[in-house]
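Bear in mind that the values in this text are calculations on the coordinates, not laboratory data. Here the structure is a predicted model, which is why all the values come from computation and not from measurement. FYI the Cβ positions are ideal-geometry reconstructions off the backbone, even for glycines, and counts take in every protein chain you see.
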Amino acid sequence: MDINTIISSGLLESYVLGYSTAEENVQVKELCAKHPEILLEIEAIEHALITYASASAPEISGAFKENLFSQLNDKTVQTKNDGSVFTPVKSVFSYKYAIAATIALLVVSSVFNFLFYSKMQKTTAELSMLSNDKKQYANQLKIQESTLKSMQEDLAVLTDPNTKLVKLESTVATANSMALIYWNSNTYHTYISDVQLPTPPEGKQYQLWAIVNGKPVDAGVFDLAITNGIDLKKMKETSGVQAFAVTIENKGGSLTPTLTTMCLLGNV
Amino acid sequence: MLTKIKYTEEELITLIKGGNQNAFSYLYDNYSKALFGVIYNIVGNDAEAEDILQNVFLKIWRNFYSYKEEKGRLFTWMLNIARNSAIDYTRSRQNKMNLKNYSSDNLVNEINKVHSNNVSYDHIGLKKVLTELKEDHQTIIDLAYYKGYTQVEIAQKLNLPFGTVKTKVRQAIITLRKKIK
């Protein structure tokens, strides 16, 4: 196409004014590259239009450019599509609020610290109390266990088919003194229980004797306190016993019984 | 902020795409007055035109990466931003104020009023140029330049055959070019 035809067609004016189509724009760009005259024509049209618009413009305020350039790096001023400017609402979370929030948190934290400390002290006290309780229960359990063990042993003695029960009765008809002897003819274990006797005179003690082949054999001394209820007092082992007798002897017992002080007697 | 360096358009585009504020300052010095004139001719008020001009230059700066040379002249790209911003502003202002319904004829009259009554031209020579422009030339330039009318729309508006509009626009600009020289 002839250059002059292009220039006189009005396409270049449309191009500068912004009404040419996308295809026309590509075409004009290509023509500019090939023909410098076309570029010069475009620049002349553009210069005329710039001059024309500038001539009709009022003076721009003195501080306008400075003000504009101060905003170039300011990302908080956003341009919207409709061309108006809006500034985002400034963050209300200033240092003042930050400090206030910090103090509030500190106060709340202190209150909780106090509460937790009090609770911890209470808990520690409760723990030591519980620990003491536990020790007491452990001791009680030990006592119970030993009691149970001795009772189980007593029960074993009583339920042994070889154990014989011998009731000792008062040698004086009017007195209601008595005692029970459990004697095992197989193991020779001898126990005394359910003793009902008056308190012996000062320096004296009751002594049990086993009558073996008509002769008294020492079976040990005993005090009243330990022989009550089911509790059995273990005495010396005896064998081939026909009868048991109790005399009052000097403390610690005698080698031979004092027959005049005999108070209980029972045959096996 | 003013710079004495002269850039070619290619250099200017490359530098501004790289974020060079001196180049942008040069761009401002060379085009701000024209863009302000375009905006002022559309909105008809100094203060409002300055607000729009500021937004236009911020848009140009922030969206410069999207300018493509193969799609058109840099001036044309900036002219479109300025013209669209001003027209949008005028439309929203008219909607808000609910003033009389501006017909297209009224718009043309408005432009003429601005030119004949309110504009203070900055040099006598140019004033002479503009007053010497034939009224139909001025109307045609104003419709095409400031109002964003396509040739089809101008043809309908001025009741001219479509084929002659292109020529009329060219003739008007040629007259303008002769007066300026």
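Going from the residue with the fewest nearby Cβ atoms within 10 Å to the one with the most, A:H47, A:H189 rank A:H47, A:H189. Neighbour counts of C-beta atoms inside 10 Å place B:F75, B:F36, A:F114 in the sequence A:F114, B:F75, B:F36, starting with the fewest.
From least to most packed, judged by other beta carbons within 10 angstrom and beginning with the fewest, A:I3, A:I42 follow the order A:I3, A:I42. With a cut-off of 16 Å on the backbone N, the residues of the range A:10-39 near the modelled label site 7 Å out from B:Y67 along Cα-Cβ are A:16-18.
The reciprocal of the average 1/r between distinct C-alpha atoms defines the Kirkwood hydrodynamic radius, which for the range A:150-207 equals 13.0 Å.
Can you give me the Cα centroid spacing of the range B:82-96 and the range A:243-260 in angstrom? That distance is 137 Å. Inter-chain Cβ neighbour count for A:19-29, averaged per residue, equals 3 (cutoff 10 Å, partner chain atoms only).
The residues packed around A:G252, meaning those with a beta-carbon under 15 Å from its beta-carbon, carry a net charge of -1 if Lys and Arg are +1 and Asp and Glu are -1. Using the Cβ atoms and a cut-off under 11 Å, what net charge is assigned to the surroundings of B:S32, where Lys and Arg are +1 and Asp and Glu are -1? It works out to a net charge of 0. With Cα atoms as the point set, the radius of gyration and Dmax of chain A evaluate to 62.5, 171 Å. When the inverse distances between all different Cα atoms of the range A:115-226 are averaged and flipped, the Kirkwood radius reads 18.6 angstrom. The mean number of partner chain beta-carbon atoms within 10 angstrom of a residue's beta-carbon across peptide B:28-40 is 6. Only helices reaching 15 angstrom along their own axis (Cα) with mean Kyte-Doolittle hydropathy no lower than 1.0 count here, and not one DSSP H run of chain A does. How many angstrom lie between the C-alpha centres of the range A:160-213 and the range B:135-181? Their Cα centres are 150 Å away from one another.
Segment A:L72..A:D160, full-extension length gain: 20.4 nm, with 0.36 nm per residue of separation and the alpha-carbon distance subtracted.
The local environment of B:A155, defined by Cβ-Cβ distances under 13 Å, has a net charge of +2 under the rule Lys, Arg +1 and Asp, Glu -1.
As a rough guide to protection, the peptides B:171-180, A:31-40, A:135-144 ranked by mean Cβ packing within 10 Å, highest first, stand as B:171-180, A:31-40, A:135-144. Stretched out straight at 0.36 nm per residue, the stretch from A:N250 to A:E23 would grow longer than its current Cα-Cα span by 67.3 nm.
Along the charge dipole of chain A, pointing to its positive end and built from +1/-1 on Cβ of Lys, Arg, Asp and Glu, which listed residue (A:M262, A:F64, A:L158) has its Cα farthest out? With unit charges placed on the Cβ atoms, the residue in question is A:M262. Across the cross-link table entries B:K96/B:K147; A:K29/B:K71; B:K71/B:K181; A:K149/A:K233; B:K134/B:K168, which are compared at the Cα atoms, the separations over 18 Å belong to B:K96/B:K147; B:K71/B:K181. In summary, the aspartates and glutamates within cross-link reach of A:K251, defined as a Cα separation below 17 angstrom excluding same-chain residues under 8 places away, comprise A:E202, A:D218, A:D223. Label-to-label distance for B:V152 and A:A101 is 5.8 nm, based on points extended 7 Å past Cα in the beta-carbon direction.
Excluding same-chain neighbours fewer than eight residues apart, the aspartates and glutamates reachable from B:K166 by a Cα-Cα span under 19 Å are A:D2, A:E13, A:E23, A:E24, A:E41, A:E43, A:E46, B:E135, B:D136, B:D142, B:E153. Annotation for B:F162 and A:Q196: the two label points, set 7 Å from Cα along the Cα-Cβ direction, are 14.5 nm apart.
A Förster radius of 22 Å combined with the Cβ-Cβ distance from B:N20 to A:A33 puts the calculated FRET efficiency at roughly 0.25.
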